[in-house]
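What follows is one structure encoded as structure tokens, with my remarks underneath.
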Amino acid sequence: MDYNFKEIEENWQKIWDKEGFFRVDSGSSKPKFYLLEMFPYPSGKIHMGHVRNYTIGDVFARYKIMQGFNVMHPMGFDAFGQPAENAAIKNKADPRIWTLKCIEDMRAELKKMGFSYDWKREVSTCLPDYYKWNQWIFLKMFERGLAYKRSANVNWCPDCQTTLANEEVIDGNCWRCKKEVIQKELEQWFLKITDYKQRLLEDLDKLIYWPERVVTMQKNWLGKSEGVEIYFKFKDSAKTISVFTTRVDTIFGATYVVLAPEHPLLKDIIKGKPQEKQVLEFIKQAGKKTKIVRTSADVKKEGIFSGAFAINPVNNEEIPIWVADYVLMEYGSGAIMAVPAHDQRDFLFAKEHKLAIKIVIQEAGKNQKAEDLSQAYEGDGKQVNSAQFDGLSNQEAKIKIAQWMEETSIGKRREHWRLRDWLISRQRFWGTPIPVIYCKKCGIVPVPEDDLPVELPKKAPFTGTGGSPLAKVESFVNVACPNPKCKSPARRETDTMATFFDSSWYFLRYCSPDSKGAIFNKEDADYWMPVDQYIGGIEHAVLHLLYSRFFTKFLNDLGLINFDEPFQKLLTQGMVLKDGEVMSKSRGNIVDPDGMIKEFGADALRLYILFAAPPEDQMEWSQQGVTGADRFLKRVQRFLEKVLLIQEKASELVNAAGSDNEKILKRKTEQTIKKVTEDIEAFKFNTAIASIMELVNEFYRLSEKIENYTFLEKVVRKVILLLSPFAPHIAEEMWERLGNSESILKAKWPGFDPELIKEDSINYVIQINGKVRSKVQVPSDISEEELKKTVLEDDKTKAWIAGKEVKKFIVVAGRLVNIVI
RNA sequence: GGGCGAGUGGUGGAAUGGUAUACACGUUGGACUUAAAAUCCAAUGGUCGCAAGGCCGUAAGGGUUCGACUCCCUUCUCGCCCACCA
């Protein structure tokens, strides 16, 4: 009696949609719950990663609905980006039409999974209704100096013909096309996220329900380090250079200084030196190298003596200034002090170029000599060769030296951050136009708020070469200066925004997606926000999640919202693998969810993907696993039919209430309700499903021996309720079959009776010296004395301890006893 | 190089310091069937043994404990993130 999942699933999806079960509004007396999954890029097809992400979310949404929460569960599309533009170039298609078609296809696929979305709240970032507010946020940032333009050496992908954020450069390659990234000097728009670094760091402490791992990754990304900025004078020049160090305790061991080839003072200090020509050549060569070559750790450290000397301010020693390409201009001041005795990288460089090595920290109990060192000593110890600081522990010296340096103005305590400002300019068509105009007389003029949105032109030449198609649309580019007193001919900015901008606040738009006069309706945002549970991939641990936190703080500063962290709880789901590798188009190991739905139905697919692994772990795809889930659903359905069959005969049956088997099944049912409830709360869906399976198995074993229809029917009802978040369509069908006229979504999540869970008797394990030797069945309310007596009377136990002295008798209540002999 | 995490049957995976391998897949056997599929039932870590049962077993080695997959130390392997970061 195979169930017709296709018919069932279509039918219930239609009913949910028609009855508007998932449509919610903010005027409810129920407690609110905002459940959000990361919205997809509309590629046209959902993949298993989406199925996994959204199924995890859907189970929780349905569970919360049944618990009586007012659950907002929205879905939308992160619809700007390069694939649409690439498709436009390749197929001469309009990226707008291409994207909207993809959205339509994807929405249909998502609906086939039976997800509980409030589709009335759907948001697409590529629609002017939405990106108008991107522009609005940009203008607000511009007003406050948080959006600014400057020339910068930027990461440039020659293949995509665009700039990339630091975050988008992975191992020196473009995150999207994987091609090598080069450096290019361009005028670019930046967001001053660094103004928020302190708050972004401090508020990580508020995120107690985020995975530790994500918090750590963000901490590392912000990269706060504390140290001292030290000023070095030149031997024959009035200028000074500053270096930053976290190890000021090693300052007396600084034997040379290294500058980055791009250091602005370098050309000055080599002027007239015999080395000048060689150094200039070195600078030229370094400029040619790509960042990948310069930053790969195993490349030999190239360097050259500049001919100039610096004065170590702590002891007035003259130390040579070197130039090396391993020092980066972008980090710190582009200059470092080198302490070869206590920094391994400096040590290797000093050995290579025969530079002095001076020990200033001795490891406890050792008396190392510089010439004997085979590697740098980076650990703690006592100061030596450090003038008045000799004899202090280096940790103490760190503080004292810093203080002394501040008093004598040779240095200053400083903190240093790794976080850079966020580059948002893209030389692309398919994104939000940056709303500024360049006027020869007025300079950079923001587009007046009333003129928003700046819409993308309907047509543009997509050639794939020579930069942005937007720049070639005359009607877009040529405008009058918005300054009413000027109005002279001006040019529009043709850069568009990085798509991470779009996704940094979409969760707010869901609260009032149709809001016309404002970015969102404040009352709605106050009601729904913050997001109670956010679910998405770990790959967004830094980028999207950091940017969203930044935007939230900014909007909070504008007074638009009254909270400053957007996501209360975060779950990062693991990746879907096939044959041990990440499922991806480029690897060609994709399993199409749509095919699975056709073959097994959405319920079986959902059940399998949750059962195969805990949500946070990676999961290995297995076709046989889906078969297993399908088999289980059929088994549940047969069990329903079996009960209904008993019902037909029920009138003939004697009500055999209270039999032992009934008691056992009753207890198992209550235990399962407890277990499933706790497991869902903890996102342990795999074990939740396993325990439902156990209950069903127990039912099969015992139902033959139970003729109490009323009781069996109750068990069935509970199993269906427990199963409904996981396999909602078949649950609805069976629920109706049981004679319920209302959707199972209107039913209450079952509770359990703690009294009924308790076992009458307990199987005590008897260990002897920690090894399991026997078991005894005893009443659960047995006293320790009684238990001891029973155990010692057990035959096997007697045999094991015969002739031995019992040294200890350990009782672990409800579990085991351990006899030490 | 740094940080985080993980290593359990043939496979995916269970186990508040307390019966290691729940649940499922696969495999094998049985029932049903003319037959097959489906279904239902049973077995299934290794090893020795006719059996009762013993011994070994959670990457390797050590430690703490009456008792360790779980805690601590050392080593190995894999994954992810960061990385000439001063």
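The values are calculated or read from the model by the stated rules, or taken from the named source; none is laboratory data. None of the values given here were measured: they were computed from a predicted structure. Because the Cβ atoms are built from the backbone with ideal geometry, glycine has one as well, and the counts that use them run over all protein chains shown.
Pull up segment A:91-131, narrow it to residues that are in a loop (DSSP other than H, G, I, E, B) and touching a Pro at 6+ places or on another chain (Cβ under 6 Å), then point me to the one that is surrounded by the fewest Cβ atoms within 10 Å (Cβ to Cβ). Steps first, please.
Looking only at segment A:91-131, we keep the residues that are in a loop (DSSP other than H, G, I, E, B), and these are A:92-94, A:113-118, A:122, A:125-127.
Keeping just the survivors that are touching a Pro at 6+ places or on another chain (Cβ under 6 Å) gives A:114, A:118.
On the way: A:Gly114: 24, A:Asp118: 20.
Residue satisfying both the conditions and the ranking: A:Asp118.
Which of the residues that make up segment A:208-229 are more than 18 Å from A:Ile535 (Cα to Cα), of a type in the set (Lys, Arg) and under 14 Å from the mean Cα position of the chain (by Cα)?
Within segment A:208-229, A:Lys219 is the sole residue that qualifies.
Can you spot a residue in segment A:461-484 that is assigned to a loop (DSSP other than H, G, I, E, B), closer than 20 Å to A:Asp129 by Cα and not hydroxyl-bearing (Ser, Thr, Tyr)? Spell out the reasoning first.
Just the residues of segment A:461-484 that are assigned to a loop (DSSP other than H, G, I, E, B), to begin with: A:461-468, A:473, A:481-484.
Within this subset, residues satisfying the condition of being closer than 20 Å to A:Asp129 by Cα are none.
No: segment A:461-484 contains no residue that is assigned to a loop (DSSP other than H, G, I, E, B), closer than 20 Å to A:Asp129 by Cα and not hydroxyl-bearing (Ser, Thr, Tyr).
Assess whether A:Arg492 counts as being touching a strand residue (DSSP E or B) at 6+ places or on another chain (Cβ under 7 Å) and either among the aliphatic types (A, V, I, L, M) or closer than 23 Å to A:Glu187 by Cα (or both).
Details: touching a strand residue (DSSP E or B) at 6+ places or on another chain (Cβ under 7 Å): yes; either among the aliphatic types (A, V, I, L, M) or closer than 23 Å to A:Glu187 by Cα (or both): yes.
So A:Arg492 fits the description; yes.
Given the criteria within 10 Å of RNA strand B (Cβ to nearest atom), without any contact (Cβ under 8 Å) to a residue 60 or more places away in the chain and not aliphatic (A, V, I, L, M), does A:Thr216 qualify?
Numbers: within 10 Å of RNA strand B (Cβ to nearest atom): yes; without any contact (Cβ under 8 Å) to a residue 60 or more places away in the chain: yes; not aliphatic (A, V, I, L, M): yes.
The answer is yes for A:Thr216.
Of all residues in segment A:243-268, which are away from RNA strand B (no atom under 11 Å from the Cβ) and either within 12 Å of A:Trp322 (Cβ to Cβ) or surrounded by fewer than 18 Cβ atoms within 10 Å (Cβ to Cβ) (or both)?
Passing the criteria: A:Thr255, A:Tyr256, A:Pro261, A:Pro264, A:Leu265, A:Leu266, A:Lys267, A:Asp268.
Tally the residues that are assigned to a loop (DSSP other than H, G, I, E, B) and modelled with pLDDT of 80 or more, restricting the search to segment A:364-373.
Looking only at segment A:364-373, we keep the residues that are assigned to a loop (DSSP other than H, G, I, E, B), and these are A:364-369, A:373.
Next cut, modelled with pLDDT of 80 or more only: A:367-369, A:373.
Total meeting the criteria: 4.
Only helices (runs of 4 or more DSSP H) wholly contained in segment A:569-684 count here; list those with 2 or more residues that are of a type in the set (Gly, Ala, Ser). Step through it out loud before you land on a result.
Numbers: elements: A:593-600, A:602-611, A:623-649, A:660-681.
Qualifying helices (runs of 4 or more DSSP H): A:602-611, A:623-649.
Residue check: is A:Leu207 of a type in the set (A, V, I, L, M), in contact (Cβ under 8 Å) with a residue 24 or more places away in the chain and over 30 Å from A:Gln388 (Cα atoms)? Spell out how you get there, then give the answer.
Values: of a type in the set (A, V, I, L, M): yes; in contact (Cβ under 8 Å) with a residue 24 or more places away in the chain: yes; over 30 Å from A:Gln388 (Cα atoms): yes.
Criteria met by A:Leu207.
Would a scan of segment A:164-172 turn up a residue that is surrounded by fewer than 19 Cβ atoms within 10 Å (Cβ to Cβ), among the aliphatic types (A, V, I, L, M), at pLDDT 70 or above and within 16 Å of RNA strand B (Cβ to nearest atom)?
no
Answer with yes or no whether A:Asp325 is surrounded by 17 or more Cβ atoms within 10 Å (Cβ to Cβ), at pLDDT below 90 and under 43 Å from the mean Cα position of the chain (by Cα). Before the answer, list the steps.
Values: surrounded by 17 or more Cβ atoms within 10 Å (Cβ to Cβ): yes; at pLDDT below 90: yes; under 43 Å from the mean Cα position of the chain (by Cα): yes.
Answer is yes for this residue.
Need at least 2 residues that are surrounded by 19 or more Cβ atoms within 10 Å (Cβ to Cβ) and in contact (Cβ under 8 Å) with a residue 40 or more places away in the chain per element, so show me which helices (runs of 4 or more DSSP H) inside segment A:689-777 make the cut, counting only ones lying wholly within it. Spell out how you get there, then give the answer.
On the way: elements: A:709-723, A:728-737, A:754-757.
In segment A:689-777, A:709-723, A:728-737 are the helices (runs of 4 or more DSSP H) which contain 2 or more residues that are surrounded by 19 or more Cβ atoms within 10 Å (Cβ to Cβ) and in contact (Cβ under 8 Å) with a residue 40 or more places away in the chain.
Quick one: would you say A:Ala613 is buried (at least 16 other Cβ atoms within 10 Å of the Cβ), among the aliphatic types (A, V, I, L, M), near RNA strand B (Cβ under 8 Å from one of its atoms) and modelled with pLDDT of 85 or more?
Details: buried (at least 16 other Cβ atoms within 10 Å of the Cβ): yes; among the aliphatic types (A, V, I, L, M): yes; near RNA strand B (Cβ under 8 Å from one of its atoms): yes; modelled with pLDDT of 85 or more: yes.
Here the answer is yes, as A:Ala613 does meet what is asked.
Checking A:Ile801 against (1) under 30 Å from A:Ile15 (Cα atoms); (2) hydrophobic (A, V, I, L, M, F, W, C); (3) over 48 Å from the mean Cα position of the chain (by Cα), which single condition isn't satisfied?
Failed condition: (1).
For (1) surrounded by 23 or more Cβ atoms within 10 Å (Cβ to Cβ); (2) in contact (Cβ under 8 Å) with a residue 12 or more places away in the chain; (3) under 30 Å from A:Ser242 (Cβ atoms), each residue gets a yes or a no:
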| residue | (1), (2), (3) |
| --- | --- |
| A:Glu407 | no, no, yes |
| A:Arg413 | no, yes, yes |
| A:Trp422 | yes, yes, yes |
| A:Phe429 | yes, yes, no |
| A:Ile444 | no, yes, no |
| A:Leu452 | no, yes, no |
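Quickly run through segment A:16-35 and pick out the residues that are in a strand (DSSP E or B) and exposed (fewer than 12 other Cβ atoms within 10 Å of the Cβ). Steps first, please.
Initially, segment A:16-35 is screened for residues in a strand (DSSP E or B), giving A:32-35.
Scanning segment A:16-35 gives no hits.
Hey, among the residues in segment A:185-203 that are at pLDDT below 90 and surrounded by 14 or more Cβ atoms within 10 Å (Cβ to Cβ), which one's farthest from A:Met141 (Cα to Cα)?
A:Leu186
Name the residue that is farthest from RNA strand B (Cβ to nearest atom), counting only residues in segment A:515-555 that are within 25 Å of A:Asp129 (Cβ to Cβ) and part of a strand (DSSP E or B).
By that ranking, first place goes to A:Val531.
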